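**Q** Provided herewith is a single structure, encoded as structure tokens, for subsequent inquiry.
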């Protein structure tokens with residue numbers, strides 16, 4: 001696959017510029033959201049987890065914590081504040097640091113856990129050709145309401161052709177999905193069920 005100039009170096013420049021442009025709006029929102037997490041959930045405002053980056057390389061993704069500590073499934077631990085943060089995507093704001101450091105991009109497939117790597121088909125693994133992103137083609141199609149098979153297919157399609165115009169369209173579509181409050185969780189689940197390979201959905 002031959003990459004154009006945007007995919008080779010222009011996208012990284014746009015990511016850095018985008019973070020700088022977003023910071024004046026993002027920082028006050030992040031401070032407000034972090035205070036809500038501290039008041040509602042106590043200590044440990046930032047959630048850190050190892051995820052697969054470009055080429056499957058591990059990196060630590062940053063999010064605002066949305067679940068209470070302790071045992072129990074996601075539905076039991078997800079708080080009212082946590083649901084609101086997820087619906088608004090404010091819990092993802094710390095990932096602007098991941099973008100600035102080059103671990104993520106503003107647009108790209110969402111970063112998934114490392115233990116999913118051996119479960120991908122060759123087609124699904126194509127998503128690893130690019131940096132993971134804050135928003136991606138699968139999210140533009142409906143966020144967590146998109147089942148795994150379709151979600152990973154959208155990711156593979158994105159990785160096959162990365163363009164500036166395509167990224168701009170995806171970002172606008174993601175914003176529209178977010179504003180409409182669509183796809184916060186998979187049907188019948190508090191968030192998104194775990195991927196289980198070809199049979200998982």
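**Q** For residues that are more than 18 Å from residue 3 (Cα to Cα) and in a loop (DSSP other than H, G, I, E, B), tally how many sit in region 109-156.
**A** Qualifying residue count for the region: 10.
**Q** Determine which single condition residue 162 fails, assuming it passes every other condition in (1) in contact with a strand residue (DSSP E or B) (Cβ under 8 Å, 6 or more places away or on another chain); (2) at pLDDT 95 or above; (3) in a loop (DSSP other than H, G, I, E, B).
**A** Every listed condition holds for residue 162 apart from (1).
The values are calculated or read from the model by the stated rules, or taken from the named source; none is laboratory data. Every value quoted in this text rests on a predicted model; they were computed, and no experiment measured them. A quick note on method: Cβ atoms are made from the backbone with ideal geometry, for glycine too, and the neighbour counts reach across all protein chains shown.
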